[in-house]
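Okay, structure first, notes after.
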Amino acid sequence: GMMEGGVSYRDVASVSHDAIPPLVMVPPPNFAMVDKGVYRSGFPNNRNFDFLKTLRLRSVVNVSGEKSAEFVQFCKQEGIVMAELGMIGNREPFVSIDTKVLRAALAHIRDPDHHPVLLHCSKGKHRTGCVVACLRKLQKRSLTYIFDEYERFTGRGKAEILDLQFIELFEHDVVSC
């Protein structure tokens, strides 16, 4: 049988396995760079640890409110400081994001002494998205830019209206850092 470009299946099958790197680096879900020294993602698991090692993280900010023994162990092993900042997402009935927690997360990720830093929640969408959006407000980005970035991770039309309201109403003076 022939494949595209006139290569036979036999040729493909005979490619030496040495050509395939033994470890494929797998980033955590929804991984992205936010800024120099600042990364975002969903909850990392052991399949992501080799990838995370390449970032040489100094700290991790967890806003998921969940803990993982294997990730705690990995961070200990790698000398990564963990900031566990449980955060209630915006859900009906309206529960406001705890601004104290939000301020703490922002202060942490904005401090170069903590860089490189990974900010994560469970899926790397809503909670992480809110923190990043508020960071963008501090950076004086337009709401268009901010909402567009937020929705790149949640998916179009999947944005929590309450998150968008929260982001829009979030003011610089809330942040005293």
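Using R₀ = 22 Å, calculate the FRET efficiency as 1/(1 + (r/R₀)^6) where r is the Cβ-Cβ separation of Arg156 and Met33; round to 0.05.
Numbers: r = 22 Å, r/R0 = 0.99.
With R0 = 22 Å, the Cβ-Cβ based efficiency is 0.50.
Mind running the shape call on the stretch 115-172? Use the C-alpha gyration tensor, a ≥ b ≥ c as the square roots of the eigenvalues: rounded below 1.5 for a/c, prolate if a/b tops b/c, oblate otherwise. All intermediate terms of the calculation are to be shown ahead of the outcome.
Details: a/c = 1.61, a/b = 1.03, b/c = 1.56.
Oblate is the answer for the stretch 115-172, as a/c is 1.5 or above yet b/c matches or exceeds a/b.
The modelled label-to-label distance for the pair Lys67/Leu138, using points 7 Å beyond Cα in the direction of Cβ, is 2.6 nm. Fully extending the segment from Asp50 to Met82, taken as 0.36 nm per residue of separation minus the present Cα-Cα distance, adds 9.7 nm. Taking the average, over residues, of other Cβ atoms within 10 Å as the packing measure, peptides 109-122, 33-46 rank 109-122, 33-46 from highest down.
Residues Thr128, Thr54, Thr144, sorted by accessible area with the largest first, give Thr144, Thr54, Thr128 [1.4 Å probe; ligands and nucleic acids excluded]. Beyond 22 Å in Cα-Cα separation lie the following of the pairs Lys67/Lys140; Lys53/Lys123; Lys36/Lys137; Lys76/Lys137; Lys36/Lys76; Lys36/Lys125: Lys67/Lys140; Lys76/Lys137; Lys36/Lys76. For the stretch 31-76, the solvent-accessible area works out to 49 Å² per residue, with a probe of 1.4 Å and every protein chain left in place.
Glu168 to Thr99: extension gain in nm, 0.36 nm per residue of separation minus the Cα-Cα distance? All intermediate terms of the calculation are to be shown ahead of the outcome.
Details: separation 69, 0.36 × 69 = 24.84 nm, distance 1.39 nm.
That pair, Glu168 and Thr99, stretches by 23.4 nm at full extension.
Listed values for the stretch 45-57 are Karplus-derived 3J(HN,Hα) couplings in whole Hz (6.51 cos²θ - 1.76 cosθ + 1.60, θ = phi - 60°), namely 10, 4, 5, 9, 5, 5, 5, 4, 4, 5, 7, 6, 4, and x replaces Gly and Pro.
The values are calculated or read from the model by the stated rules, or taken from the named source; none is laboratory data. It should be emphasised that the depicted structure is a prediction, and the values quoted were computed from it without experimental measurement. Virtual Cβ from ideal backbone geometry, glycine too; neighbours counted across all protein chains shown. Ligands, DNA and RNA are excluded from the accessible area calculation, which covers all protein heavy atoms including side chains. Shrake-Rupley method; radii C 1.70, N 1.55, O 1.52, S 1.80 Å.
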